[in-house]
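The values are calculated or read from the model by the stated rules, or taken from the named source; none is laboratory data. Just so you know, these numbers come straight off a predicted model, no measurement behind them. Don't worry about glycine lacking a Cβ; one is built from the backbone with ideal geometry, like all the others, and counts go over all protein chains shown. The protein model used for the area step is the full one, side chains on, heavy atoms only, and it has no ligands, DNA or RNA in it. Shrake-Rupley method; radii C 1.70, N 1.55, O 1.52, S 1.80 Å.
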Amino acid sequence: MGDNRAAGEENQEAGTPYEQEKRLRESILSTVPDYIHVYNLRARSFSYYNSGPCFFGHDLINAPDPVELVIRHMHPEDREKRGRSYLQEIAQNTGDEVLDLQFRIRRKDGRWAWALTRARPFRFSPDGELEEIIAITQDITEQKEQEAAFQQSRQLLSMAVEGAKLGIWEWDIEQRLLTYSNRFLEQLGYDPSRFSNRYAEFEKLFHPDDIPRLAKEFQEQATKGDTFELDYRLLASCGRYHWIYDRGRAVQRNDEGKVIRAVGISIDITQRKETEIALKESEAVQKAILNALPDLKFRISADGIFLDYFASPGEDVKLFALPRQFLGKSAREVLPEYLYKAIMKNLQLAIGKAAPQAFEYPLVVKGEICYFEARISAVNDKEAIAVVRDISALKRAQQELQSKIRELDNNNQKLQLYVDSNLQLENFAHTVSHDLREPVRTINSFAQLLQKKYHGQLDEDANTFLDFIAGSAANMNTLIEDLLEYSRINNSQHEIEEIPVEQLLQAVVNALSGLIAEREATILICTPLPVIRGNWTKINQLFQNLISNAIKFGWESTPPLVEIFAHEDKDHWIFAIRDNGIGIEPEYQPQIFLLFRRLHSRRYYPGSGIGLSLCKRVVEQHGGKIWVESQPGQGSTFYFNLPK
């Protein structure tokens, strides 16, 4: 009974309001993250602490001298400034004043931490001497780091605003007030203290031409969203307009959705804008100069894309295609393969060597062979300008001059041949001239005399016989002339020179102009033609015979089309002459190169049967060979190759 009563008394005592309040205070203090200490100055020990022995990782409670431990781990700078004098200030504090101390302390793990200690007197002795102090210490490391980061951010923002010459503004649209940062106003030469923030005054500084545009652009952008961007000219105090770029945000709208307040930044972009304007003016001048030059000018990227073109009035008729057909496209898509390769080769050289490159090329424009000179000059490592000049007239003049020179040379060679011909040729010429041509001439003369003398006295059969005699004599004379030509090819000197085949073909086309016009024939050069080594006269005769045959053996109802190709292999140049004529039966193809072999009657296709034999002889003299591929009714293609 006694023990139970004693326990009951203890429980009753523990439940008194005083004990309950004490336990509540201790519970609250133990959960506070701060260090709370009551320190006895005489005993140099703690009469109360709330967080165990650890103080930033140090055993403060069990230390012989806790104050000395704290001072020893304090940052040297903080220790020298106020560390040791702090206790003296507390000791001299006879009132309830709270003294603060911020300092850095090294944690147990070696890292520095920021601490804030707030201390005040707690108990005095009967004689008035301070015995105990109460101190609350907070770990403010995170707060200090945030303050440092914030300060750094402010400094960076200040540097950015200063470096970029930014202006910060607030626009109260409803009250028509505009407030600018002082720094921006100073950049424009205005005194901020004398600058009115009334929008009506500020609007007077806008360039008159910009005011209508600004109002319209602001309304359009503000309707779509909260952000807007504007650029305009603003009058500086010096009387010169500066270009300003604004980026703003609507921060308040009324019930109708209209912006009534906005904030933003302004940047002086005068230098950039003036550079852009100067660049546009420079480009306009350059474009005007390019358009004035009597050439075609193209802007081409490094990978062969047509970016732009310039042509003076009347020059664009020389374009290979309409602008919409080549702008934005690769040269490979719109030009023949040979020309594409030439352009890319010279384009790469021009960009790589930073030196202009020039080349010439032929091109069929509207059915006519034209000659051009292209000069490519690099603008930078990404694009170049190609200037193309029509040199067809110059080429024709050169070809005409060369033709005259060759004609003179040919005449000289013929004269030399007549003078220096060997005995065999003289004997053959004598035989042909006297032993063959004279009887033929006599037969023809007597036939004509008979027709004249007995005109109207002979019957129809006799007249037919006389016509047959005269025609046969004429054919015999043609045969003799062809034999003489074949003899000359066989026996003439074989002098070798460089032959530009394009120029040679131009001479051939000129020589056959009558036949071409009569048959309305078309001659197309489908690939670039090389420069070969050979005898000009014989190669000329070779092409002339093949092209004239291609025209002659055509259909009456279809204009002849003759296409000329050239390509190369390792050792030879290979030429092809293709027509749309009547074709040749496969079984007759081996015979056509034999002397006097004819596949058609003279009545329909005149000739002596020597032309292809002469072609075969010329090709063989140059070390090549000739052949034909054909099907009846599908035209023929004559091939021959010549050593390089």
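Residues checked against (1) assigned to a loop (DSSP other than H, G, I, E, B); (2) at pLDDT 85 or above; (3) surrounded by 13 or more Cβ atoms within 10 Å (Cβ to Cβ); (4) aliphatic (A, V, I, L, M):
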{"residue": "Arg42", "(1), (2), (3), (4)": "yes, no, no, no"}
{"residue": "Phe46", "(1), (2), (3), (4)": "no, no, yes, no"}
{"residue": "Glu68", "(1), (2), (3), (4)": "no, yes, no, no"}
{"residue": "Ile71", "(1), (2), (3), (4)": "no, yes, yes, yes"}
{"residue": "Arg79", "(1), (2), (3), (4)": "no, yes, yes, no"}
{"residue": "Tyr86", "(1), (2), (3), (4)": "no, no, yes, no"}
{"residue": "Glu89", "(1), (2), (3), (4)": "no, no, yes, no"}
{"residue": "Thr94", "(1), (2), (3), (4)": "yes, no, no, no"}
Any hit, the stretch 523-537, residues being within 44 Å of the chain's Cα centre (by Cα), over 23 Å from Lys341 (Cβ atoms) and open to solvent by less than 50 Å² (accessible area, probe 1.4 Å): yes
Neighbours by Cβ (under 8 Å, 6+ apart or cross-chain): first from the stretch 342-353, in contact (Cβ under 8 Å) with a residue 12 or more places away in the chain and in a helix (DSSP H, G or I); second open to solvent by 20 Å² or more (accessible area, probe 1.4 Å) and among the hydroxyl-bearing types (Ser, Thr, Tyr): Ala342/Tyr361; Ala350/Ser377
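Out of everything in the stretch 169-198 that is in contact (Cβ under 8 Å) with a residue 24 or more places away in the chain and surrounded by fewer than 16 Cβ atoms within 10 Å (Cβ to Cβ), what residue ends up being farthest from Ile269 (Cα to Cα)?
Narrowing the stretch 169-198 to residues in contact (Cβ under 8 Å) with a residue 24 or more places away in the chain: 169-174, 176, 178, 180, 184, 187-190.
After this cut, where a residue has to be surrounded by fewer than 16 Cβ atoms within 10 Å (Cβ to Cβ) as well, the list is 172, 174, 176, 189.
Values: Asp172: 25, Glu174: 29, Arg176: 26, Gly189: 16 Å.
Selected residue: Glu174.
For the stretch 367-407, enumerate the residues that are assigned to a helix (DSSP H, G or I) and not polar (S, T, N, Q). Break it down into steps so the answer makes sense when it comes.
Filtering the stretch 367-407 down to residues assigned to a helix (DSSP H, G or I) leaves 392-407.
The answer is Ala393, Leu394, Lys395, Arg396, Ala397, Glu400, Leu401, Lys404, Ile405, Arg406, Glu407.
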Gln544 being closer than 20 Å to Pro362 by Cα, part of a helix (DSSP H, G or I) and open to solvent by 20 Å² or more (accessible area, probe 1.4 Å): no
Among (1) open to solvent by 100 Å² or more (accessible area, probe 1.4 Å); (2) over 30 Å from Asp231 (Cβ atoms); (3) outside any strand (DSSP E or B) - the single one Gln155 does not satisfy: (2)
Scan of the stretch 362-388 for residues that are under 24 Å from Val509 (Cα atoms) and in contact with a strand residue (DSSP E or B) (Cβ under 6 Å, 6 or more places away or on another chain), ordered by number: Pro362, Leu363, Ile369, Cys370, Tyr371, Phe372, Glu373
Filter result for Phe575 (modelled with pLDDT of 95 or more and touching a Phe, Trp or Tyr at 6+ places or on another chain (Cβ under 7 Å)): yes
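Are any of the residues in the stretch 220-231 closer than 21 Å to Leu166 by Cα, assigned to a strand (DSSP E or B) and open to solvent by 70 Å² or more (accessible area, probe 1.4 Å)? Show your work before the answer.
To start, the set of residues in the stretch 220-231 that are closer than 21 Å to Leu166 by Cα comprises 226-231.
Those still in the list that are assigned to a strand (DSSP E or B) too: 227-231.
Within this subset, residues satisfying the condition of being open to solvent by 70 Å² or more (accessible area, probe 1.4 Å) are 229.
Scanning the stretch 220-231 turns up at least one residue that is closer than 21 Å to Leu166 by Cα, assigned to a strand (DSSP E or B) and open to solvent by 70 Å² or more (accessible area, probe 1.4 Å).
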